[in-house]
Amino acid sequence: MDSAGEVVNDGKITLEGFSVAARAFADKWKRHNLSFPPWSWVPLINRTLLKCYQKEEGYLSLEKIIILSSLEEGSAEEESLDVTADWWEKEESIDHTVLVQNVEDEAHYYDYHIVYSASYMVPMLYFRGYSSDGKPLSLDVIKRDLPSSSVSLLLESKWTFITQEEHPYLNRPWFKLHPCGTEEWIKLLSESSSSDGCQMPVELYLVSWFSVVGQVVGLRTPLEMLI
């Protein structure tokens, strides 16, 4: 069944709905978040080779994001990440001033993947950090790269905590935000929309989800994406 036009009722999303929501999210991100590179859809061949050829499996990828530490401790910029991406270096309009403030070995690179969980029927955010020489960053180092508000959220919220496990498609250890509670708060968002006389369309599922989850890792969702 075509998932376009579906609405969110119970906080969950189907695999087909995830595919629709992923493309809508990537399109809105590209149009409204020009300070970042676009998310890309990574298609996967169904590994079971069962009668599921009509199901397009894949995940969203945002990679090689560079996070540069603030030069002044306790500065006004402490609550927001100083983020750029190596693809900017190929653009003529690049402002190099941010990059030259930091020596190369101080740059931390991050990859983010939005993956569908068939068990929970919700999206999950996988991520990894690494230094310029490719060495993986520990969770303690990663937490130091996050805004202090994100660290507080991780400590206080029962819905957002980080675990490490094997990436479901890459077979390498990645960190992830555990999906427990996702169904519950997405359902609350959907019910809030219903109280206004309309339900959340499936196309806005990932946008709404990432507006909460993205904050934990310092990636903010422009308000324009929620419209």
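Subtract the Cα-Cα distance of E56 and L170 from 0.36 nm times their separation in residues, and report this length gain in nm to one decimal. If you can, show how the numbers build up before the last one.
Values: separation 114, 0.36 × 114 = 41.04 nm, distance 1.77 nm.
39.3 nm is the gain from fully extending E56 to L170.
With the crude spin-label approximation of a point 7 Å out along Cα→Cβ, what separation in nm comes out for V151 versus L139?
1.5
With the dipole of the range 123-227 worked out from charges on the C-beta (+1 for Lys and Arg, -1 for Asp and Glu) around the Cα centre, which of Q215, P123, L137 lies farthest toward the positive end?
So the residue furthest toward the plus end is L137.
By how many nm would the segment from K64 to L223 lengthen if fully extended, with 0.36 nm per residue of separation less the alpha-carbon distance?
Numbers: separation 159, 0.36 × 159 = 57.24 nm, distance 2.42 nm.
That pair, K64 and L223, stretches by 54.8 nm at full extension.
I'd like the FRET efficiency for E191 and S132, computed as 1/(1 + (r/R0)^6) with the beta carbon distance as r and R0 of 35 Å, rounded to 0.05.
0.15
For the pair C180 and R31, how long in nm is the line joining their label points, each one 7 Å along Cα→Cβ?
Between C180 and R31, the simple spin-label model gives 3.8 nm.
FYI, it's all coordinate maths here, none of it is from the lab. Note that the structure is a prediction, hence the values are computed from the model and not measured. All Cβ positions, glycine included, derive from the backbone under ideal geometry; neighbour counts span all protein chains shown.
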